[in-house]
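S.K.: I have a structure I would like to understand better, so I am pasting it below and will then ask my questions one at a time.
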Amino acid sequence: MARTQVGSPVLGTVIRVAAPGTRVESGAVVAVVESMKMEYPLQAPEAGVIAAVLVAEGSAVQAAQTVVELEPLALDAAIAVDAGITGDPKPPSPTEPHPSGDRTRADLAEVRARHAPGSDAARPDAVARRHDAGRRTTRENVEDLVDPGSLVEYAPLVVAAQRKRRSLQDLMARTPGDGMVAGVATVEGRRTVVLSYDYTVLAGTQGLQNHRKKDRLFELAERQRLPVVFFTEGGGGRPGDTDGTGVTGLDCEAFWLFGRLSGMVPLVGITAGFCFAGNAAILGCCDVVIAVQGANIGMGGPAMIEGGGLGVVAPEEIGPQDAQVANGVVDLVAVDDAHSVALAKQYLSYFGGDPTAWSCPDQELLRAVIPENRRQVYDVHDVIDLLCDDNSVLELRAGFAVGMVTALARIEGRAVGIVANNPMHLAGAIDADGADKAARFLQLCDAFDLPVVFLCDTPGFMVGPDAERTGLVRHVSRMFVTGANLGIDFVTVVLRKGYGLGAQAMAGGSFKAPLACVAWPTGEFGGMGLEGAVRLGYRKELDAEPDPVARQTLFEEMVARMYEVGKATNVAAAFEIDDVIDPAETRRWITTLFGPAARAAGPRGPRRRGKRRPNIDTW
């Protein structure tokens with residue numbers, strides 16, 4: 001039987017070779033060649049006996065040169081394998097156990113051991129403290145947010161940059177991931193960047209390595225246009241890191257990179273407990289701020305306040321949630337961690353495609369929602385809830401500027417923005433805070449291609465000495481410059497009052513700016529409020545009547561005449577608005593003008609490399 005030649009695949013040096021007479025089975029290593037610091041095992045192609053060694057150990061060998069000759073054994077011969085050369089054994093097949101008896105290789109076992117300290121199971125004391133406080137762990141929050149098994153985590157093996165003052169084992173045990181979980185996952189099927197500070201690790205502070213994590217993930221979000229959800233609980237910058245070469249850390253890029261994402265992708269910030277300094281700055285950059293009940297949010301924590309010579313304060317005194325809701329910092333209030341995650345998912349759903357299934361209330365109920373008495377107030381939330389799909393309304397900043405309602409909602413499955421005056425506050429007059437709230441919300445909708453429905457019922461902008469002290473002139477004008485530069489579709493529905501500059505602001509600046517400006521039968525219009533117009537325009541006639549009772553009667557008659565002139569039907573007849581409609585037909589107008597819903601998940605509108613807007617105002 002002819003001998004089988006086993007040659008070298010590369011130019012190199014033979015460093016091990018089996019002795020002549022050694023019996024080997026198919027696949028056994030008969031020689032090892034070293035080339036470029038790498039070892040190439042030569043395997044027997046069949047069972048046999050080493051008949052000859054043609055290249056000795058330590059000798060050079062050419063590529064394809066024969067190293068050993070193998071005398072094949074008969075197929076029915078029993079093979080008693082001698083001890084061969086020292087080298088890697090024949091690799092097991094997928095169904096065979098590892099030769100060590102353990103399927104886990106040593107290198108894989110080491111990797112698993114390095115990841116283990118970051119798990120909740122490895123830190124029972126920290127987990128117990130968190131649960132005792134009524135809170136979930138960072139990983140519990142993240143796992144609830146993302147689709148099961150979808151998270152690919154970045155840099156979980158890093159530790160705090162404190163190796164000059166602490167052992168590696170201590171850092172691995174106490175500072176896993178440098179206090180941050182970060183990665184890419186799917187949320188309700190849509191790829192999303194997810195980051196979360198871990199308050200159980202150095203109070204969720206911003207360290208050198210977790211700053212680098214943020215930089216990495218923010219760049220990825222920009223490159224692939226991925227939404228970002230960030231759990232920001234924590235105490236701000238960390239002064240205890242020792243391993244860097246910098247002095248101040250002010251050249252870190254996280255805030256610059258995150259700020260660039262504004263207006264490009266949805267940014268969701270979630271916080272609970274204490275959120276101070278750098279953590280709060282990240283939170284404040286987000287499109288929407290979700291705060292768990294009892295959160296404290298501030299640009300400086302107790303140490304910074306005391307260091308600035310401003311006294312000693314408890315963290316609970318800084319930016320309590322009730323204050324941050326009333327002043328507009330917080331958009332949505334959650335009762336607990338689980339609710340905050342549910343709100344984040346709901347918010348993101350408006351930017352990720354539209355469902356095909358929907359239901360809505362009986363639209364004929366809209367005919368009775370506005371009182372027949374034109375002076376009787378009503379709550380515009382009732383109109384919104386009836387007009388929109390069932391359970392689809394998410395109101396933002398509900399505790400701030402309550403005379404202006406801003407909400408995300410759906411109409412026949414189509415995600416839309418709602419901007420509405422609420423007559424329950426200042427009769428629907430637009431004050432400085434209300435204008436800011438509306439203008440900023442319009443920027444949000446514009447950035448992400450959400451069409452807007454204006455529900456107008458306003459006597460105009462708020463007036464008076466107190467109102468002017470708020471900087472009213474500048475604030476209310478934001479609605480004009482924002483509305484005039486919108487790149488999205490919008491319609492205006494005048495529910496009742498449509499007076500003066502305020503009404504124009506609720507139509508993008510002009511009744512001809514929307515795709516349609518229509519009124520309900522209760523609509524009434526004027527260049528200013530009717531009562532004010534009569535007092536201003538007919539002052540001479542009113543002053544000429546000496547009898548107070550007769551003067552009041554004359555005044556009311558003039559108001560009534562102006563009301564007839566300004567009735568919606570009369571204004572529509574002059575074609576200053578497009579029509580007066582049955583309230584039950586409102587949805588049909590909206591869906592016809594906005595067109596079919598975008599069914600596919602992903603960013604709305606044509607894919608753009610740039611942005612529609614440079615950014616969305618944080619205020």
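S.K.: For segment 230-262, which positions are in contact with a Ser or Thr (Cβ under 6 Å, 6 or more places away or on another chain), over 19 Å from Arg163 (Cβ atoms) and either open to solvent by 10 Å² or more (accessible area, probe 1.4 Å) or not in a loop (DSSP other than H, G, I, E, B) (or both)?
M.R.: Answer for segment 230-262, where residues must be in contact with a Ser or Thr (Cβ under 6 Å, 6 or more places away or on another chain), over 19 Å from Arg163 (Cβ atoms) and either open to solvent by 10 Å² or more (accessible area, probe 1.4 Å) or not in a loop (DSSP other than H, G, I, E, B) (or both): Phe231, Glu233, Gly234, Gly235.
S.K.: For segment 549-578, name all the residues that are more than 20 Å from Arg374 (Cα to Cα) and not β-branched (Val, Ile, Thr).
M.R.: Ala550, Arg551, Ala573, Ala574, Phe575, Glu576, Asp578
S.K.: Now for a separate question. Anything in segment 310-334 that is among the aliphatic types (A, V, I, L, M) and either in a loop (DSSP other than H, G, I, E, B) or exposed (fewer than 12 other Cβ atoms within 10 Å of the Cβ) (or both)? List them, or say none.
M.R.: Leu310, Val312, Val313, Ala314, Ile318, Val329, Val330
S.K.: Given the residues Ile384, Ile370, which is the only one that is within 26 Å of Ser340 (Cβ to Cβ) and either part of a loop (DSSP other than H, G, I, E, B) or open to solvent by less than 10 Å² (accessible area, probe 1.4 Å) (or both)?
M.R.: Answer to the check: Ile384.
S.K.: Kindly indicate whether any position in segment 215-222 is over 24 Å from Asp433 (Cβ atoms), of a type in the set (Phe, Trp, Tyr) and under 16 Å from the mean Cα position of the chain (by Cα).
M.R.: Within segment 215-222, the subset over 24 Å from Asp433 (Cβ atoms) is 215-222.
Of the ones still in play, those that are also of a type in the set (Phe, Trp, Tyr) are 218.
Keeping just the survivors that are under 16 Å from the mean Cα position of the chain (by Cα) gives 218.
Within segment 215-222, one or more residues are over 24 Å from Asp433 (Cβ atoms), of a type in the set (Phe, Trp, Tyr) and under 16 Å from the mean Cα position of the chain (by Cα).
S.K.: Something else: When you scan segment 204-230, how many residues do you find that are out of contact with any helix residue (DSSP H, G or I) (no Cβ under 6 Å at 6 or more places or on another chain), hydrophobic (A, V, I, L, M, F, W, C) and in contact (Cβ under 8 Å) with a residue 60 or more places away in the chain?
M.R.: Count: 1.
S.K.: If you check Val377 against the conditions, is it within 17 Å of Val491 (Cα to Cα) and modelled with pLDDT of 95 or more? Quick ask: steps written out before the conclusion?
M.R.: Numbers: within 17 Å of Val491 (Cα to Cα): no; modelled with pLDDT of 95 or more: yes.
So Val377 fails the test.
S.K.: Then there is this: Checking the structure you have, find out if any residue of segment 428-435 is open to solvent by 20 Å² or more (accessible area, probe 1.4 Å), modelled with pLDDT of 95 or more and over 32 Å from the mean Cα position of the chain (by Cα).
M.R.: No, segment 428-435 contains no residue that is open to solvent by 20 Å² or more (accessible area, probe 1.4 Å), modelled with pLDDT of 95 or more and over 32 Å from the mean Cα position of the chain (by Cα).
S.K.: Would it be correct to say that Ala438 is surrounded by fewer than 22 Cβ atoms within 10 Å (Cβ to Cβ) and not acidic (Asp, Glu)?
M.R.: no
S.K.: Something else: How many residues are outside any loop (DSSP other than H, G, I, E, B) and touching a Gly at 6+ places or on another chain (Cβ under 9 Å) when one looks only at segment 505-520?
M.R.: Adding up the residues that qualify gives 3.
S.K.: If Leu283 passes every condition in (1) open to solvent by 10 Å² or more (accessible area, probe 1.4 Å); (2) part of a helix (DSSP H, G or I) but one, which one does it miss?
M.R.: (1)
S.K.: A further question follows. Assuming Met424 fulfils every condition listed in (1) over 27 Å from Leu593 (Cα atoms); (2) hydrophobic (A, V, I, L, M, F, W, C); (3) crowded, with 19+ Cβ neighbours inside 10 Å apart from one, which condition is it?
M.R.: (3)
S.K.: From the list Ala326, Ala344, Ala427, exactly one residue is of a type in the set (Gly, Ala, Ser) and over 30 Å from Met299 (Cβ atoms). Which is it? Don't jump to the end; show me each part of the working.
M.R.: Details: Ala326 fails: over 30 Å from Met299 (Cβ atoms); Ala344 fails: over 30 Å from Met299 (Cβ atoms).
Of the residues listed, the single one that is of a type in the set (Gly, Ala, Ser) and over 30 Å from Met299 (Cβ atoms) is Ala427.
S.K.: Could I ask something else about it? Tell me which residues, restricted to segment 284-322, are aliphatic (A, V, I, L, M) and more than 24 Å from the chain's Cα centre (by Cα).
M.R.: If the condition is that a residue be aliphatic (A, V, I, L, M) and more than 24 Å from the chain's Cα centre (by Cα), then Ala303, Met304, Ile305, Leu310, Val312, Val313, Ala314, Ile318 are the ones that fit.
S.K.: Among the strands (runs of 3 or more DSSP E) contained in segment 1-66, which hold 1 or more residues that are surrounded by 15 or more Cβ atoms within 10 Å (Cβ to Cβ) and among the small types (Gly, Ala, Ser)?
M.R.: Because the criterion is at least 1 residues that are surrounded by 15 or more Cβ atoms within 10 Å (Cβ to Cβ) and among the small types (Gly, Ala, Ser), the strands (runs of 3 or more DSSP E) in segment 1-66 that meet it are 4-7, 12-17, 29-35, 48-53.
S.K.: What do you reckon, is Ala344 aliphatic (A, V, I, L, M), out of contact with any helix residue (DSSP H, G or I) (no Cβ under 6 Å at 6 or more places or on another chain) and either open to solvent by 20 Å² or more (accessible area, probe 1.4 Å) or not in a helix (DSSP H, G or I) (or both)? I'd like the intermediate steps shown before the answer.
M.R.: Details: aliphatic (A, V, I, L, M): yes; out of contact with any helix residue (DSSP H, G or I) (no Cβ under 6 Å at 6 or more places or on another chain): yes; either open to solvent by 20 Å² or more (accessible area, probe 1.4 Å) or not in a helix (DSSP H, G or I) (or both): no.
Considered against the rule, which asks whether it is aliphatic (A, V, I, L, M), out of contact with any helix residue (DSSP H, G or I) (no Cβ under 6 Å at 6 or more places or on another chain) and either open to solvent by 20 Å² or more (accessible area, probe 1.4 Å) or not in a helix (DSSP H, G or I) (or both), Ala344 comes out as no.
S.K.: So in segment 539-550, with the set limited to residues that are assigned to a helix (DSSP H, G or I) and open to solvent by 80 Å² or more (accessible area, probe 1.4 Å), which one is nearest to Asp578 (Cα to Cα)?
M.R.: Going through the qualifying residues, I end up with Arg539.
S.K.: Could you please find all residues in segment 482-538 being β-branched (Val, Ile, Thr) and open to solvent by 30 Å² or more (accessible area, probe 1.4 Å)?
M.R.: The one that is β-branched (Val, Ile, Thr) and open to solvent by 30 Å² or more (accessible area, probe 1.4 Å): Thr522.
S.K.: From Ile305, Ile297, which residue is of a type in the set (A, V, I, L, M) and in a helix (DSSP H, G or I)? Show your work before the answer.
M.R.: Numbers: Ile297 fails: in a helix (DSSP H, G or I).
After applying the criteria, what remains is Ile305.
S.K.: Can I ask one more? Could you grab the pairs with beta carbons closer than 7 Å, sequence gap of 6+ or different chains, first residue in segment 294-314 and closer than 24 Å to Asp336 by Cα, second one in a strand (DSSP E or B) and aliphatic (A, V, I, L, M)?
M.R.: Sorted first by the residue in segment 294-314, then by its partner, the pairs are Ile297/Ala291.
S.K.: Can you tell which of Ile297, Ile290, Ile318 is under 18 Å from Leu394 (Cα atoms) and touching a helix residue (DSSP H, G or I) at 6+ places or on another chain (Cβ under 8 Å)? Before the answer, list the steps.
M.R.: Values: Ile297 fails: under 18 Å from Leu394 (Cα atoms); Ile318 fails: under 18 Å from Leu394 (Cα atoms).
Of Ile297, Ile290, Ile318, the one residue that is under 18 Å from Leu394 (Cα atoms) and touching a helix residue (DSSP H, G or I) at 6+ places or on another chain (Cβ under 8 Å) is Ile290.
S.K.: Same structure again: Please tell me if Gly101 is modelled with pLDDT under 90, in a loop (DSSP other than H, G, I, E, B), farther than 26 Å from Gln206 by Cα and open to solvent by 50 Å² or more (accessible area, probe 1.4 Å).
M.R.: When the stated conditions are applied, Gly101 passes them.
S.K.: Moving to a separate point now. For a quick check of your reading of the model, give me the residue pairs whose first member lies in segment 352-367 and is assigned to a helix (DSSP H, G or I), whose second is surrounded by 14 or more Cβ atoms within 10 Å (Cβ to Cβ) and among the small types (Gly, Ala, Ser), with beta-carbon atoms closer than 9 Å and at least 6 apart or on different chains.
M.R.: Every condition considered, the pairs that remain are Gln363/Ala584; Glu364/Ala584; Leu365/Ala584; Leu366/Ala584; Arg367/Ala584.
S.K.: Report, by residue number, each residue of segment 132-146 that is touching a Ser or Thr at 6+ places or on another chain (Cβ under 8 Å) and over 15 Å from Val229 (Cβ atoms).
M.R.: Within segment 132-146, Thr137 is the sole residue that qualifies.
The values are calculated or read from the model by the stated rules, or taken from the named source; none is laboratory data. Small disclaimer: the values here were computed from a predicted structure and weren't measured. Glycine gets a Cβ as well: all are built from the backbone with ideal geometry, and neighbour counts include every protein chain shown. The area values use the complete protein model at the heavy-atom level, side chains included, leaving out ligands, DNA and RNA. Shrake-Rupley method; radii C 1.70, N 1.55, O 1.52, S 1.80 Å.
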